[in-house]
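A quick write-up on the structure given underneath.
The values are calculated or read from the model by the stated rules, or taken from the named source; none is laboratory data. This one's a predicted model, so the numbers in the text were calculated from it and none came from an experiment. Note that we place each Cβ from the backbone using ideal geometry, even for glycine, and neighbour counts take in every protein chain shown.
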Amino acid sequence: MAGQVAAVSRNETYSFSKPSRDSITLLTGLGVEGDVHAGETIRHQFRMTYEPDLPNLRQVHLMHEELFDELALKGFEVSAGQLGENITTRHLDLLGLPTGALLHLGEQAVLEVTGLRNPCAKINYFRKGLLGEVFELDPVSGEFTFKSGVMAVVRHGGTVRPDDPIQVELPPLPHHPLERV
């Protein structure tokens, strides 16, 4: 399985969106250099208040560019970085990856997928009604499908740029489906 980096983004301050950049630097065990969510312990603004010492399993947020196409068909114009992701991908089934999958980006960087991004209500402040479009309820099972990307930790640092290749290394069997982190 292979894909490509479509865009990279980071923000030094807490805000919903992240500006696109020419490149980002991933730091082993920390996240994106200069990004507000980088760190060994949790950096999610709300969760830091009650779980400040938990390991940061959300160092890097990846989202598939194909979601933007799907949202456009429903009248929502969204582009790279606007939903807070650090790396926008193309031609890669992020949501179909198992927990522990390794993503080799560019020449050196390696990310380990830790789980699904849990979209928050702030998404409706960005575009009213968008929250209802980034998850689906299965009418049979009653389970939600979260479509707003995956979270990862940095296993090996390096520079990542748009158009860099992404190679997937699956973990040993049995594979475990992604859950929210």
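Name the residues in the stretch 102-135 that are assigned to a strand (DSSP E or B) and over 27 Å from S15 (Cβ atoms), would you?
Here is the first cut: in the stretch 102-135, the residues assigned to a strand (DSSP E or B) are 102-105, 109-116, 135.
Of everything in the stretch 102-135, those that are assigned to a strand (DSSP E or B) and over 27 Å from S15 (Cβ atoms) turn out to be L102, H104, V110.
Of all residues being within 11 Å of G84 (Cβ to Cβ) and not acidic (D, E) in the stretch 20-43, which is surrounded by the fewest Cβ atoms within 10 Å (Cβ to Cβ)? Just the residue, please. Steps first, please.
We begin by selecting, within the stretch 20-43, every residue within 11 Å of G84 (Cβ to Cβ); these are 35-37.
Then drop every residue that is not not acidic (D, E), which leaves 36-37.
Working: V36: 17, H37: 23.
For the stretch 20-43, the residue satisfying everything is V36.
Of all residues in the stretch 44-78, count the ones that are exposed (fewer than 14 other Cβ atoms within 10 Å of the Cβ) and closer than 16 Å to R127 by Cα.
Result for the stretch 44-78: 6.
Look at the stretch 16-38 and say how many of its residues are over 21 Å from L102 (Cβ atoms) and either part of a strand (DSSP E or B) or free of Cβ contacts under 8 Å to residues at least 60 places away in the same chain (or both).
Total meeting the criteria: 4.
Please state which one of V150, V134 is modelled with pLDDT under 95, of a type outside the set (D, E, K, R) and in contact with a helix residue (DSSP H, G or I) (Cβ under 9 Å, 6 or more places away or on another chain).
On the way: V150 fails: modelled with pLDDT under 95.
None of the other options fit; the residue is V134.
Pairs please, first residue from the stretch 85-109 and at positive phi, second anywhere and β-branched (V, I, T) and part of a strand (DSSP E or B), Cβ atoms under 9 Å, 6+ apart in sequence or on different chains.
Pairs found: H91/I166; G100/V113; G100/T114; G106/V5; G106/T159; G106/V160; G106/I166.
Considering each residue of the stretch 136-148, count those that are of a type in the set (D, E) and part of a loop (DSSP other than H, G, I, E, B), and give that number. Even if it seems obvious, please write down each step before you answer.
Of the residues in the stretch 136-148, the ones of a type in the set (D, E) are 136, 138, 143.
Filter again for part of a loop (DSSP other than H, G, I, E, B), leaving 138, 143.
Summing the residues that are of a type in the set (D, E) and part of a loop (DSSP other than H, G, I, E, B) in the stretch 136-148 gives 2.
I'd like the residue in the stretch 127-148 that is over 18 Å from the mean Cα position of the chain (by Cα) and of a type in the set (A, V, I, L, M) and, out of all such residues, is surrounded by the fewest Cβ atoms within 10 Å (Cβ to Cβ).
V140
Take the conditions among the β-branched types (V, I, T) and either at pLDDT 95 or above or within 23 Å of F126 (Cα to Cα) (or both) and apply them to T28. Does it pass? Full working, then the answer.
Values: among the β-branched types (V, I, T): yes; either at pLDDT 95 or above or within 23 Å of F126 (Cα to Cα) (or both): yes.
Yes, satisfied.
Do we find that L57 is within 13 Å of the chain's Cα centre (by Cα), of a type in the set (A, V, I, L, M) and under 19 Å from S9 (Cβ atoms) in this structure?
Working: within 13 Å of the chain's Cα centre (by Cα): yes; of a type in the set (A, V, I, L, M): yes; under 19 Å from S9 (Cβ atoms): no.
Against the criterion (within 13 Å of the chain's Cα centre (by Cα), of a type in the set (A, V, I, L, M) and under 19 Å from S9 (Cβ atoms)), L57 does not qualify.
I'm trying to understand the selection: among the residues of the stretch 75-94, which are touching a Leu at 6+ places or on another chain (Cβ under 9 Å) and either outside any helix (DSSP H, G or I) or modelled with pLDDT under 95 (or both)?
So the first thing to find is which residues in the stretch 75-94 are touching a Leu at 6+ places or on another chain (Cβ under 9 Å), and the list is 76-78, 83, 85-89, 92, 94.
Correct list: F76, E77, V78, L83, E85, N86, I87, T88, T89, L92.
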